[in-house]
Structure formats: structure tokens, C-alpha cells
1. Read through the list (1) assigned by TED's automatic domain parsing to the domain that holds Val169; (2) out of contact with any helix residue (DSSP H, G or I) (no Cβ under 6 Å at 6 or more places or on another chain); (3) within 19 Å of Val169 (Cα to Cα), then give the number of the only condition that Gly123 fails.
2. Within the range 28-40, track down each residue that is touching a helix residue (DSSP H, G or I) at 6+ places or on another chain (Cβ under 8 Å) and assigned to a helix (DSSP H, G or I).
3. Please verify whether the range 70-81 includes one or more residues that are closer than 30 Å to Phe141 by Cα and touching a residue at least 24 places away in the same chain (Cβ under 8 Å).
4. Inspect all residues belonging to the range 134-145 and state whether any of them is at pLDDT below 85 and either surrounded by 15 or more Cβ atoms within 10 Å (Cβ to Cβ) or not small (Gly, Ala, Ser) (or both).
5. For the subset of the range 1-35 comprising residues that are of a type in the set (Lys, Arg) and more than 17 Å from the chain's Cα centre (by Cα), which member is modelled with the highest pLDDT?
6. Would you please name the residue that is modelled with the lowest pLDDT, looking only at residues in the range 146-183 that are buried (at least 16 other Cβ atoms within 10 Å of the Cβ), of a type in the set (Gly, Ala, Ser) and part of a helix (DSSP H, G or I)?
Amino acid sequence: MSFAGVIPDSIQRQLDPAERVLWTGQPKQGVMLRGSDALMIPFSLFWAGFAFFWEWSVIQSGAPLLFRLWGIPFVAIGVYIVVGRFFVDSWQRSRTHYAVTNERILIVDGIRKITVRYAQLSGLADMSLTEHSNGTGTITFGSSSVPAMFRSLSSWPGVRERLGLQFDVVADAKVIFDLIRNAQKAQRR
């Protein structure tokens, strides 16, 4: 977490000339479990187990090539939802940078291409904070079209865009939340 210290290049390139950075940061790094994994892990193990069993049974029975090929995408999805999604999520978070400026909040992320999302502080009507006992939390701006139990699936194609704007698993979330609220108040003066 940085309070206007070193500004990452990905953020620096997005700033307007008169814009002043109040805070920059990144989501928590590394592989992590989320609350929704309590449902996703059993589902993923069931899916992968069934897909592997299907593929193994088809191969053992000497079924035609079409049947052998049919199960491969299901096995691949099984491998992804059991282990791959954790690594893709970690990789996405490692390439995500957040910033709060005197004018807006910025989110710069992307694996294959850089995506810049922002919202003007003056236009942030709805803002919510979900904070954990260790001080990490998620600040959500506006509303999301993705139910809470599926928000950990941001590593799936297309889900991240539907989540809306959020600072996901940031350290000292309450401090950042208050900083944004104070920046909004300063703009109104």
C-alpha cells in the first residue's frame, strides 16, 4: 500500500496533468481461498471426478474416436476449476493496480491487454466496504450484476467485466474507504 509514494507506471500513464495521486495499491498477492470456495471446491471435485471417470471409461471400453475426443474439453474444464482457476486469479491480481486520485478511482489490469476502468469521485453514489478481521477487504463502487457467491470466479472469461468496479482484497481497506470518502468531501468544497 502506498500513500502517494512510488506510483506504478501503469497508473502514471493514465493520469491527467493536474491529477494528484492520493493512494496506490494492489490486491492481496498469491494463491488464496475465498468464502465462495466452500461451494466451488466440492462442485469442482465432483465435475472433475465425473469427467475423468467418463474419459477413462470411454478409453477402456475401446469406444470410437469421437467419444474419446468428446470428454477432453470436460476434463480440461475440470482441471481448470480444481486447480487452474486459483493460479489464473493470482496472476490477474499480480497485474492489477489501483489508485485513488483527487479526481477519480482507477483500476488498471489485464493479462493479454491493458484495461483501464475508472469512476469520477463526484459520480460515486454507491460505495460499500466488506472488511475482514485482519484489515483486508473489498471496496465495491456501484452495483454488480454477479451474485456474491460467484465473485471469486473473476478468473473466468467475461466475469471480471460484470463485477463492476472494485478494489478487491486490499490491505487496510477501511483506511482506503475513508480516504475516498474524504476525497469526495474535499471535491464538494
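1. With respect to (1) assigned by TED's automatic domain parsing to the domain that holds Val169; (2) out of contact with any helix residue (DSSP H, G or I) (no Cβ under 6 Å at 6 or more places or on another chain); (3) within 19 Å of Val169 (Cα to Cα), Gly123 is out only on (3).
2. Answer for the range 28-40, where residues must be touching a helix residue (DSSP H, G or I) at 6+ places or on another chain (Cβ under 8 Å) and assigned to a helix (DSSP H, G or I): Asp37, Leu39, Met40.
3. Yes, the range 70-81 has at least one match.
4. yes
5. Out of the qualifying residues, it is Arg20.
6. Ser152
The values are calculated or read from the model by the stated rules, or taken from the named source; none is laboratory data. It should be emphasised that the depicted structure is a prediction, and the values quoted were computed from it without experimental measurement. Note that we place each Cβ from the backbone using ideal geometry, even for glycine, and neighbour counts take in every protein chain shown.
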